[in-house]
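Rule-based calculations on the coordinates, nothing more; no lab input. Worth saying up front: this structure is predicted, and the values here are computed from it rather than measured. Cβ atoms come from the backbone with ideal geometry, glycine included; neighbour counts cover every protein chain shown.
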Amino acid sequence: MIDDEKAICEEFLETLEQEGYEVDVATKGEDGLQKVRQNRYDLILLDESMPGMEGDKVFEYLRQFSKVPVVFVSGFLTPAKEKKVMAMGAVMCLSKPLDLDRVKSLIQTVCSPKHN
């Protein structure tokens, strides 16, 4: 998950790990890109509105080296920007506040739980 809102990241981390998923968090776009370069992920939840590098710019850079599925999340996603990121290959766009059950269902559709 790449999102500058630490409380959201912590909530998702705790909830999804309880569901059996391995979760990694970055609170800046640049940090998220670095993590994707160094690790393999099944899905990325990417916030659109972050200080520094906006989510669509992170996505543009990400697509230069990775095809990992990306779900955009935002409380400020305009229809034009949603159309743009979907055309770039986003799996889905979700509005904040996020519904954890909907996110879990989406994750189950895209990938399977990681069990150690």
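Okay, here's what the table says:
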quantity	calculated
Highest-fluctuation residue, Leu106, Leu43, Leu94 considered, GNM on the chain with Cα pairs under 10 Å	Leu106
Intensity falloff of region 6-105 expressed as log10 I(q)/I(0), Debye formula with alpha-carbon point scatterers, at q = 0.22 Å⁻¹	-1.32
GNM result for the chain, Cα springs below 10 Å: residue of Pro69, Pro79, Pro97 fluctuating most strongly	Pro79
Along the chain, longest interval not containing exposed trypsin sites (Lys or Arg not before Pro), exposed being DSSP loop plus at most 10 other Cβ atoms within 10 Å	68-116
The chain: most fluctuating residue of Thr27, Thr15, Thr78 per GNM, C-alpha cutoff 10 Å	Thr78
Region 1-31 residues near the modelled Asp99 label - backbone nitrogen below 19 Å, point 7 Å along Cα→Cβ	12, 15-16
Where chymotrypsin sites (Phe, Trp or Tyr not before Pro) fall in DSSP loop in region 1-86, at most 13 other Cβ within 10 Å	Phe65, Phe76
Mean separation of Cα contacts under 8 Å (6+ apart) over length of the chain, as relative contact order %	26
Distance between modelled label sites at Gln108 and Asn39, nm, 7 Å Cα→Cβ extension	2.4
Cβ-derived FRET efficiency at R0 41 Å, Gln64 paired with Thr15, nearest 0.05	0.85
Cross-link partners of Lys28 among aspartates and glutamates (Cα-Cα below 16 Å; sequence separation of 8 or more within a chain)	Asp3, Asp4, Glu5, Glu10, Asp47, Glu48, Glu54, Asp56, Glu60
